[in-house]
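These notes concern the structure reproduced below.
The values are calculated or read from the model by the stated rules, or taken from the named source; none is laboratory data. Keep in mind it's a predicted model, so treat the numbers as computed, not measured. All Cβ positions, even for glycine, are placed from backbone atoms using ideal geometry, and neighbour counts span all protein chains on display.
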Amino acid sequence: MGDLSQRRRSQSSTRTIRTSFQKASRRRRSTRSWTTTSSDHHKLSGLTNSEPLEVDMRSLCSATSILYSRATTAGLKITKPIAGLMLAGILSDSLGFKSPTTTEMDKKHAEELAVLAGLNMTAFFEGMVAAKAKVDQMSPMHLLKLDSKVYTIGGEKLRVSVVETPRPEDVLKKKVSLVHAMKKMVEDEKLDDVLFFVIDIKHETALFLPGSNSASAMVEKAFHTWVHEDSGVALIPGVLSRKKQIIPALEAAVVTKSEVTEL
């Protein structure tokens with residue numbers, strides 16, 4: 001394709017299409033890229049662009065649902081492997097349709113994709129859950145960045161990280177090293193705090209592991225809970241979604257500033 005190439009990139013849960021001009025050289029390689037299209041399922045938050053772009057934002061659980069809808073509307077053929085990947089995206093984002101962000105459209109798309117992929121949706125999701133449980137080889141920093149976003153809430157720069165697993169005990173046995181990693185992350189990234197939630201898929205409960213006293217105070221106020229002295233974590237029953245439950249609760253708890261901005 002010469003010096004002109006097109007590639008798809010994924011950053012957080014926003015799917016973008018970028019065009020890059022690359023000059024091949026053994027000594028020097030320069031790349032310029034820009035966003036031309038954005039398909040997302042989050043609220044608008046500080047989006048800026050040098051030129052007009054195509055934006056497709058829908059209140060669905062998974063951005064994969066948006067991509068599937070766009071593909072079918074455009075009459076594109078979805079291959080079996082791609083259907084499997086899309087199905088995995090919807091099931092992962094919706095936690096097997098347990099997440100409060102799940103919509104009927106997400107379910108409909110998942111059913112259609114399961115047929116295209118030739119997969120049993122229940123068995124496929126169970127396999128995904130089993131894979132999520134394998135965290136032994138992951139470093140504390142890897143766990144903290146596995147599913148993480150930076151927000152400014154009430155003037156505080158916070159990294160909010162979640163790990164979804166059917167075996168939260170396997171994550172929490174790394175508690176001491178996770179706290180050390182959170183403190184390092186705060187220092188390295190010039191953050192005010194890191195909020196780390198372990199989502200227990202099986203029992204539909206969030207477990208909050210504090211990295212500081214200020215983080216504890218923030219979460220205790222937002223969810224009317226407390227960090228147990230024995231376990232060192234706070235239990236938050238029924239909380240599964242960062243987008244629909246965790247961030248809104250933190251926002252509502254802020255009394256000095258009501259604005260929440262995702263970086």
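Would you check if M185 is over 28 Å from T102 (Cβ atoms) and among the hydrophobic types (A, V, I, L, M, F, W, C)?
For M185, the condition - over 28 Å from T102 (Cβ atoms) and among the hydrophobic types (A, V, I, L, M, F, W, C) - is met.
Among the residues of the stretch 112-134, is any at positive phi and in contact (Cβ under 8 Å) with a residue 24 or more places away in the chain?
Yes, the stretch 112-134 contains a residue that is at positive phi and in contact (Cβ under 8 Å) with a residue 24 or more places away in the chain.
Within the stretch 148-158, can one find any residue that is closer than 21 Å to G232 by Cβ, crowded, with 16+ Cβ neighbours inside 10 Å, within 17 Å of the chain's Cα centre (by Cα) and not basic (K, R)?
Keep residues of the stretch 148-158 that are closer than 21 Å to G232 by Cβ, which gives 148, 158.
Still in the running and crowded, with 16+ Cβ neighbours inside 10 Å: 148, 158.
Remaining after also requiring within 17 Å of the chain's Cα centre (by Cα): 148, 158.
Restricting the remaining residues to those that are not basic (K, R) gives 148, 158.
Scanning the stretch 148-158 turns up at least one residue that is closer than 21 Å to G232 by Cβ, crowded, with 16+ Cβ neighbours inside 10 Å, within 17 Å of the chain's Cα centre (by Cα) and not basic (K, R).
Among V198, V179, V171, which is surrounded by fewer than 22 Cβ atoms within 10 Å (Cβ to Cβ) and modelled with pLDDT of 95 or more?
Numbers: V198 fails: surrounded by fewer than 22 Cβ atoms within 10 Å (Cβ to Cβ); V171 fails: surrounded by fewer than 22 Cβ atoms within 10 Å (Cβ to Cβ).
Of the residues listed, the single one that is surrounded by fewer than 22 Cβ atoms within 10 Å (Cβ to Cβ) and modelled with pLDDT of 95 or more is V179.
May I ask you to list pairs of residues, at least six apart or on different chains, whose Cβ atoms are under 6 Å apart, with the first in the stretch 152-168 being more than 9 Å from F197 (Cα to Cα) and the second being of a type in the set (F, W, Y)?
Pairs found: L158/Y151.
Hey, can you tell me all the residues within the stretch 64-102 that are touching a residue at least 12 places away in the same chain (Cβ under 8 Å), out of contact with any helix residue (DSSP H, G or I) (no Cβ under 8 Å at 6 or more places or on another chain) and not in a helix (DSSP H, G or I)?
L95, K98
Taking the condition of being closer than 23 Å to E164 by Cβ and in contact with a strand residue (DSSP E or B) (Cβ under 9 Å, 6 or more places away or on another chain), how many residues in the stretch 57-93 meet it?
The total comes to 6.
Out of the residues in the stretch 229-247 that are surrounded by fewer than 21 Cβ atoms within 10 Å (Cβ to Cβ) and at pLDDT below 95, which is nearest to R159 (Cα to Cα)?
K243
Give me the strands (runs of 3 or more DSSP E) completely within the stretch 131-248, filtered to those with at least 2 residues that are touching a Lys or Arg at 6+ places or on another chain (Cβ under 7 Å) and within 22 Å of A88 (Cβ to Cβ), ordered by residue number.
Here the list reads 156-165.
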